[in-house]
Amino acid sequence: MSVISSWNLTISLNTTISLSWRSSLPSRASFPRPKKPKTLVVLATALGAKPTVLVAEKLGDAGIQLLKTFANVDCSYNLSPEELCTKISLCDALIVRSGTKVTREVFESAMGRLKVVGRAGVGIDNVDISAATEHGCLVVNAPTANTIAAAEHGIALLTAVSRNVAQADASVKAGKWERNKYVGVSLVGKTLAVMGFGKVGSEVARRAKGLGMQVIAHDPYAPADRARAISVELVSFEEALTTADFISLHMPLTPATSKMFNDEAFSRVKKGVRIINVARGGVIDEEALLRALDSGVVAQAALDVFTEEPPPQENKLVRHENVTVTPHLGASTTEAQSLYHLLDYLIWLLPFSLPLPSIGFIALYYDQEGVALEIAEAVVGALKGELAATAVNAPMVPAEVLLELSPYVALTEKLGRLAVQLVAGGSGVKFVKVTYASARGPDDLDTRLLRAMVTKGLIEPISSVFVNLVNADFIAKQRGLRLTEERIVLDGSPEKPLEFIQVRIANVESKFASAISNSGEITVEGRVKDGKPHLTKVGSFGVDVSLEGSIVLCRQSDQPGIIGKVGNILSEENVNVNFMSVGRIAPGKQAVMTIGLDEEPSRDALKKIGEITAVEEFVFLKL
Ligand SMILES: NC(=O)C1=CN([C@@H]2O[C@H](COP(=O)(O)OP(=O)(O)OC[C@H]3O[C@@H](n4cnc5c(N)ncnc54)[C@H](O)[C@@H]3O)[C@@H](O)[C@H]2O)C=CC1
Ligand SMILES: O=C(O)C(=O)COP(=O)(O)O
């Protein structure tokens with residue numbers, strides 16, 4: 001019995017990071033479940049009061065209970081699109097299944113409050129992902145808990161069509177006894193083409209092989225070894241169409257798969273083929289399928305999903321005598337939707353005192369978290385500012401990389417904040433260059449997170465937009481901010497991921513002239529020292545101040561007594577100085593004094609600092 005270990009990292013708005021460990025048993029589905037520790041993403045969010053989660057479709061009780069431990073939960077089902085748009089501005093998270101369309105209007109109506117959309121299931125075609133990203137809203141799904149349910153439903157429909165179960169049932173209930181009319185076809189030895197060899201598709205394939213079928217699969221992105229492992233041959237679309245007796249659909253609905261089964265595809269299938277669709281209605285051109293059924297090219301179809309759900313009353317496919325339909329039931333089993341947890345079974349088994357190996361076996365078999373719990377965990381985690389393993393619209397950063405980069409995450413955001421506050425007027429920032437100096441090879445440093453944090457630091461102090469890893473690139477583009485990255489490869493030990501990071505803003509004037517370096521750009525540079533971000537350069541001046549609280553930068557002609565004068569002004573105001581450093585060009589010439597402050601000084605105190613005779617310019621910067 002193998003154990004999956006997971007590291008959970010937490011990054012809150014002030015970019016402190018915490019790390020916790022959890023372990024769980026593998027799920028019953030044999031397709032590898034996404035290992036939470038391996039693919040994580042940051043959603044920096046700050047929520048003061050208890051957040052509100054709107055559950056817009058029926059969710060298993062285990063999930064609701066988990067949500068309630070952290071949030072106010074509003075279960076409002078069957079909302080009209082208008083009602084959803086009205087409610088959403090009061091919600092921090094929204095949980096839906098396939099029946100709710102989360103449109104651009106929903107994100108716009110949320111007015112920035114909605115931070116997470118949880119899709120309690122796999123398919124995310126009902127969520128406008130671009131709109132979510134533009135609004136900085138993380139979308140998470142529950143990709144594994146309903147795999148077996150969907151695969152079993154596929155098999156149920158496959159066997160039902162082959163033996164006319166639904167039609168024969170209706171006939172008997174209508175008082176008839178038509179044994180000759182409902183002669184079926186056998187599955188054994190027939191070729192099944194699984195279209196989309198992912199989690200559901202591979203489980204269908206495995207089960208179909210158990211029924212004695214010849215299984216082939218078409219999936220341009222599936223790894224060959226996954227197919228080989230269960231003796232399934234990966235074939236082209238053409239070969240799948242022309243050789244299959246049964247075709248079972250298991251690909252997502254995307255622009256590329258939309259109406260993949262159209263007149264052209266039906267013109268190439270084997271006459272009398274039977275089609276099962278437990279994926280999405282939109283992957284079939286329903287009009288074309290109707291024509292293929294009427295002409296006898298397709299002998300039968302079994303459909304769990306439709307382009308429009310529920311399908312209109314007059315839908316000819318639904319009423320077709322060779323079509324078996326179910327109302328999108330693929331994921332609907334008690335086990336898939338609610339908690340079948342390992343612990344419950346261990347407790348249940350205790351009185352039987354079964355030997356350990358059998359407890360292990362049964363526990364492994366029943367460790368089925370359920371969609372409700374899987375999505376509730378993801379949504380609560382995201383609201384807490386933790387990392388979501390099942391994020392759909394944000395780059396994934398491996399946990400180990402994140403842990404190593406965590407102090408640099410804080411550093412980059414603060415350098416961005418400082419740099420933009422040094423711009424005269426604070427706006428007009430268009431060209432930003434970020435330089436990463438490291439002894440590591442260029443391919444050995446994932447800078448996506450750092451780049452997002454520079455963007456956050458640059459944009460948040462001068463606007464009201466919320467920037468996170470989800471929307472950083474979009475917001476930068478929208479504001480015409482061109483951020484380029486440069487790597488400097490240093491000699492030395494690659495143990496540390498980064499030696500220093502520099503942020504430069506070109507083509508702007510600075511309110512602190514000394515911040516302009518010889519290259520004519522506002523330049524700030526920082527390093528991580530003892531795990532803490534430090535500012536180490538402003539313009540061409542070397543400085544050293546820990547980046548916490550706020551800072552005063554002050555250029556003076558280098559002479560004794562200035563530090564004392566500034567210190568006196570601040571101490572009169574009860575402002576604590578946490579760090580101070582002086583960087584000078586040469587003794588007796590100009591120097592830049594950097595003062596780290598715990599509290600914000602009054603305007604009056606800042607004015608007094610400016611009035612010290614030797615002080616040539618100064619600036620107060622908030623971190
Ligand atoms: N009826 C129901 O209640 C349920 C329906 N589903 C549907 O089933 C779909 C598959 O679910 P999973 O297997 O969990 O997802 P998955 O992501 O594990 O597998 C999807 C597979 O489709 C493949 N694919 C993508 N484009 C393709 C193309 N053009 N041709 C062939 N294959 C292509 C992908 O490479 C991937 O291997 C979901 O997207 C969802 O729409 C899933 C669960 C329940
Ligand atoms: O998970 C999926 O993709 C499904 O289609 C299941 O949909 P449902 O949550 O049952 O509305």
What the 20 Å binned alpha carbon P(r) of the chain shows, as percent of pairs per bin from 0, is 17, 40, 28, 12, 3, 0
Taking placed amide H atoms and a strict 5 Å upper bound, the residues 5 or more places from Leu329 or on another chain that come that close are none
Here the relative contact order (percent) of segment 548-622, from C-alpha pairs under 8 Å and at least 6 apart, is 49
Answer in debye to the nearest 20: the dipole magnitude of segment 537-623 about its Cα centre, from +1 Lys/Arg and -1 Asp/Glu charges placed on Cβ, is 340
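Over segment 398-539, consider all pairs of different Cα atoms and compute the Kirkwood hydrodynamic radius from their mean reciprocal separation; express it in Å, one decimal. Kindly include the intermediate steps, with their values, before the conclusion.
Numbers: mean 1/r = 0.0662 Å⁻¹.
After inverting the pairwise mean of 1/r, the radius is 15.1 Å.
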With label points set 7 Å from each Cα along the Cα-to-Cβ direction at Glu239 and Lys529, the distance between them in nm comes to 6.4
Among Gly583, Thr144, Ala49, the residue whose Cα sits farthest towards the positive end of the charge dipole of the chain (+1 at Cβ of Lys and Arg, -1 at Cβ of Asp and Glu, taken about the Cα centre) is Thr144
When the charge dipole of segment 253-311 is computed with +1 at the Cβ of Lys and Arg and -1 at the Cβ of Asp and Glu, the Cα pointing farthest to the positive end, of Gly296, Gly282, Pro311, is that of Gly296
Taking the alpha-carbon centre of each part, the distance from segment 198-264 to segment 281-324 in Å is 20
Diffing segment 605-610: the Karplus 3J(HN,Hα) column from phi (6.51, -1.76, 1.60, θ = phi - 60°), in whole Hz with x for Gly and Pro, holds 5, 5, 4, 5, 4, x
For the table Lys181/Lys316; Lys384/Lys529; Lys50/Lys87; Lys456/Lys496, the rows whose alpha-carbon distance is greater than 20 Å are Lys181/Lys316; Lys384/Lys529; Lys456/Lys496
In debye to the nearest 20, the charge dipole size for the chain, taken about the Cα centre with +1 at each Lys and Arg Cβ and -1 at each Asp and Glu Cβ, equals 580
Between the alpha carbon centres of segment 414-442 and segment 516-561 the gap in Å comes to 13
Longest principal axis of the chain (C-alpha) makes with the long axis of helix 562-572 (C-alpha) an angle, in degrees to the nearest 10, of 70
Distance in nm between Phe431 and Arg319 label points, each 7 Å along Cα→Cβ, equals 6.8
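If you average the sequence gap of Cα pairs under 8 Å that are 6 or more apart and divide by the length of the chain, what percent do you get for the contact order? Walk me through the intermediate numbers first.
Values: 1365 pairs, mean separation 84.0, N = 623.
Answer for the chain is 13 percent.
Suppose R0 equals 51 Å; then what is the FRET efficiency for Ser602 and Gln65 from their Cβ-Cβ distance, rounded to the nearest 0.05?
Details: r = 50 Å, r/R0 = 0.98.
Efficiency at R0 = 51 Å is approximately 0.55.
In deg cm²/dmol and to the nearest 500, what is the mean residue ellipticity at 222 nm of the chain if only DSSP H runs of at least 4 residues count, each as -39500 (n - 2.57), divided by the residue total? Kindly include the intermediate steps, with their values, before the conclusion.
Working: 21 runs with 193 residues, N = 623.
Dividing the helical sum by the residues of the chain leaves -9000 deg cm²/dmol.
Can you give me the orientation-averaged projected area of the convex hull built on the Cα atoms of segment 536-623, in nm²?
Numbers: hull surface 20.0 nm².
Average projection, Cα convex hull of segment 536-623: 5.0 nm².
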In nanometres, the difference between 0.36 nm per residue of separation and the alpha-carbon distance of Lys209 and Ile563 is 119.3 nm
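Report the semi-axes of the equivalent ellipsoid for segment 146-330 in whole Å, largest first, where each axis is √(5λ) for an eigenvalue λ of the Cα gyration tensor. Walk me through the numbers before you get to the answer.
Values: eigenvalues 124, 70, 49 Å².
Three semi-axes, in Å: 25, 19, 16.
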Relative to the chain, whose Cα atoms define the longest principal axis, helix 356-366 and its Cα axis are tilted in degrees, nearest 10, by 90
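Please give the contour-minus-distance gain from Glu404 to Lys477: 0.36 nm per residue of separation, less the Cα-Cα distance, rounded to one decimal in nm. Provide the component values of the computation, followed by the final result.
Working: separation 73, 0.36 × 73 = 26.28 nm, distance 2.81 nm.
Computed gain between Glu404 and Lys477 is 23.5 nm.
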Compactness check, segment 94-238: C-alpha Rg relative to the 2.2 N^0.38 Å globular estimate gives 1.41
Going fewest to most other Cβ atoms within 10 Å around each Cβ, Asp473, Asp598 line up as Asp598, Asp473
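For segment 62-116, run through the chymotrypsin sites (Phe, Trp or Tyr not before Pro) and keep only the ones in DSSP coil with at most 13 other Cβ atoms within 10 Å of their Cβ. Could you put the intermediate results ahead of the total?
Details: sites: Phe70, Tyr77, Phe107; in loops: Phe70, Tyr77.
Within segment 62-116, the qualifying chymotrypsin sites (Phe, Trp or Tyr not before Pro) (loop, at most 13 other Cβ atoms within 10 Å) are Tyr77.
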For Cys75, other-chain or 5+-apart residues with amide H closer than 5 Å (H placed, Pro excluded) are Val55
Residue separation between Glu616 and Thr484 times 0.36 nm, minus their alpha-carbon distance, gives in nm 44.2 nm
Which residues qualify? For Glu616, with a placed amide H closer than 5 Å and at least 5 residues away or on another chain, they are Arg555, Gln556, Ser557
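DSSP loop GluC sites (Glu not before Pro) in segment 131-187 with at most 13 other Cβ atoms within 10 Å of their Cβ, which ones? Intermediate results must be reported in sequence, preceding the final value.
Details: sites: Glu134, Glu152, Glu178; in loops: Glu178.
Answer in residue order: Glu178.
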Distance in nm between Leu90 and Ala506 label points, each 7 Å along Cα→Cβ, equals 5.1
For the chain, the charge dipole (Cβ of Lys, Arg +1; Cβ of Asp, Glu -1; about the Cα centre) points to a positive end, and the Cα of Pro252, Gln502, Trp177 closest to that extreme belongs to Trp177
Here the convex hull volume per residue of segment 498-589, taken over Cα atoms and given in Å³, is 120
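Every number here is computed from the coordinates shown, using simple stated rules; none is lab data. Worth saying up front: this structure is predicted, and the values here are computed from it rather than measured. FYI the Cβ positions are ideal-geometry reconstructions off the backbone, even for glycines, and counts take in every protein chain you see.
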